[in-house]
Amino acid sequence: MTGQMEIYPFCGIRYNQKVVKDLAAVICPPYDVITPEQEKFYRQESSYNVIRLEHPAASRQPAASIYQRAAAIFQRWLEEKVLQFDGAPCFYLHDQYFTYLGKEKMRRGLMIRLKLAPWGNGMYPHEETSSRDKSDRLQVMRACQAGFSPLFCLYRDSKKEVATILSEIAQGAPVIDLTTNPEQSEKSGERHIIWAITEPRLQQILRQLFLTKSVYMADGHHRYETALVYQREKMSSSLRGSGFASNSSSEFFNYVMVTLVEVSDPGLVIFPIHRLVRGIKPALIGKHSQSVSPLLDRLENFFTSELVPLSDSVLDALLSDSNGHPLMAGDYLFGVLGLKQGHLVLLREREDVSLEDMVPVNRSQAYRELGISILSHVILDKILGLPIDEENIAYTVNIGEAYRRINNGEYQLAFLLKPPQPKTIEAVVNAGDRMPRKSTYFYPKMPAGLVINSLK
């Protein structure tokens, strides 16, 4: 791994708590996970909710004006002191409390301003991205000249040097302490505590520690790539206007707001993203009532199978606990819904078959061992012959949703994947490779609106 991580404190923009009494009412999830129902909820929650800036495309305004409207709202909130700049450059320590499988967890992050660099220069992507349109994020950056939610990155702190400093900071008085109600999060209320790290000595120590670290992108691949596009635009504009492109620390478009989380943090929870599949020839699926469908018969050339009856108790537990159910932690590669009615089919690798040899040889060993890689290359490609596109494949982290969409006939099969482990992600990245797109879902999401990063 090459390159240096240049992190900097910054004067964040935060809600003025003398004007906005309930901070929990003005934050929202990042734009790409907000459902239409949530969008309506957050807009009604407060007239100052950051969704009006983070997700303006959800507005009912004409497309040509939504970004200009967001910029006008942002400027008005600054003028009316609804939003205010912090008085000194800060790093921000963020403790996020949440409930998972009935237990309270806490994930600790360090919010910083990171100097942009091309992939592979200290910053490494962990999964492939689609070529989907990134224009929405770019339009927000152009209009508002700000970032409203942090990217989420992982780093390794083997000697606990960073952890020691952050533990000391957490003994002081926070600048934000809020608790959301259950309707505002995916499963339960969350608590967010933020401390401002203003002491220059500690800032310098942290900056020096991260110079020697590599950082892995967890959530925010598209936003990072969009920030690089925005940077190129601004530098090109500077070049045309003055004859040279400035790359100094005063040019804030050279930076992006990131929350850094240590890879062994006990609050780091990662869900798999399950695959819903259609476009399979009906004759291959057969009738759900058959003991063995033609497809299952074909799959057994490569896998051993186990049929698990979906009794009321098993189904209720599986759907409610989702990725935390013991079935999802077994010694199989993945489970399949839709092959046999009333059953979950668990597939394991046969001892006399090397599935890794069926994955492209130009991929790393760490990639070839992944369940999602075997699903993509062996089952979807070689056995089913399906093109990997949005017409045939849908994605969900919710097993209940997968079960419903199979039962209503919208999709034919659901492949349930096991939760990826941080060490697996690290191994793939360290091998210079990427996991297949939509391999991981980091839970819970980091909200928008706690701290805002100015790009001008």
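Tabulated results
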quantity: Filter result for the condition that a residue is in contact with a Ser or Thr (Cβ under 8 Å, 6 or more places away or on another chain) and at pLDDT below 95, over Leu151, Leu138; calculated: Leu138
quantity: Residues of the stretch 287-313 satisfying the condition of being of a type in the set (A, V, I, L, M) and modelled with pLDDT of 85 or more; calculated: Leu295, Leu296, Leu299, Leu307, Val308, Leu310
quantity: So Ala88, is it open to solvent by 10 Å² or more (accessible area, probe 1.4 Å), assigned to a loop (DSSP other than H, G, I, E, B), out of contact with any helix residue (DSSP H, G or I) (no Cβ under 7 Å at 6 or more places or on another chain) and at pLDDT 95 or above; calculated: yes
quantity: Single match in Tyr411, Tyr395, Tyr441 (criterion: touching a residue at least 40 places away in the same chain (Cβ under 8 Å), under 22 Å from Leu299 (Cβ atoms) and open to solvent by 30 Å² or more (accessible area, probe 1.4 Å)); calculated: Tyr395
quantity: Output for the stretch 30-60, where each listed residue is under 20 Å from the mean Cα position of the chain (by Cα), modelled with pLDDT under 95 and assigned to a loop (DSSP other than H, G, I, E, B); calculated: Pro30, Ile34, Thr35, His55
quantity: Candidate set from the stretch 444-456 (those that are out of contact with any His (no Cβ under 9 Å at 6 or more places or on another chain) and open to solvent by less than 20 Å² (accessible area, probe 1.4 Å)); member that is nearest to Asp219 (Cα to Cα); calculated: Pro444
quantity: Criterion: open to solvent by less than 50 Å² (accessible area, probe 1.4 Å) and among the charged types (D, E, K, R) - qualifying residue of Glu45, Glu39, Glu6; calculated: Glu39
quantity: Matching entry among Leu333, Leu276, Leu260, Leu268 (being at pLDDT 90 or above, within 28 Å of Tyr216 (Cβ to Cβ), surrounded by fewer than 20 Cβ atoms within 10 Å (Cβ to Cβ) and of a type in the set (A, V, I, L, M, F, W, C)); calculated: Leu268
quantity: Which numbered condition Ser246 misses (of (1) among the polar types (S, T, N, Q); (2) part of a loop (DSSP other than H, G, I, E, B); (3) modelled with pLDDT of 95 or more); calculated: (3)
quantity: Single residue of the stretch 98-134 satisfying the filter (of a type in the set (Val, Ile, Thr) and open to solvent by less than 50 Å² (accessible area, probe 1.4 Å)) that is nearest to Val229 (Cα to Cα); calculated: Thr129
quantity: Residue identified as farther than 26 Å from Val269 by Cβ, of a type in the set (A, V, I, L, M, F, W, C), open to solvent by less than 30 Å² (accessible area, probe 1.4 Å) and assigned to a helix (DSSP H, G or I) among Val162, Val140; calculated: Val140
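Residue-wise test of (1) hydroxyl-bearing (Ser, Thr, Tyr); (2) open to solvent by less than 60 Å² (accessible area, probe 1.4 Å); (3) in a helix (DSSP H, G or I).
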{"site": "Tyr92", "(1), (2), (3)": "yes, yes, no"}
{"site": "Asp136", "(1), (2), (3)": "no, yes, yes"}
{"site": "Ser158", "(1), (2), (3)": "yes, no, no"}
{"site": "Glu168", "(1), (2), (3)": "no, no, yes"}
{"site": "Leu178", "(1), (2), (3)": "no, yes, no"}
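The values are calculated or read from the model by the stated rules, or taken from the named source; none is laboratory data. Just so it is clear, the model here is predicted, and its values are computed rather than measured. Glycine also receives a Cβ, built like all others from the backbone with ideal geometry; neighbour counts cover every protein chain displayed. SASA here: full protein model, heavy atoms, side chains in, ligands and nucleic acids out. Shrake-Rupley method; radii C 1.70, N 1.55, O 1.52, S 1.80 Å.
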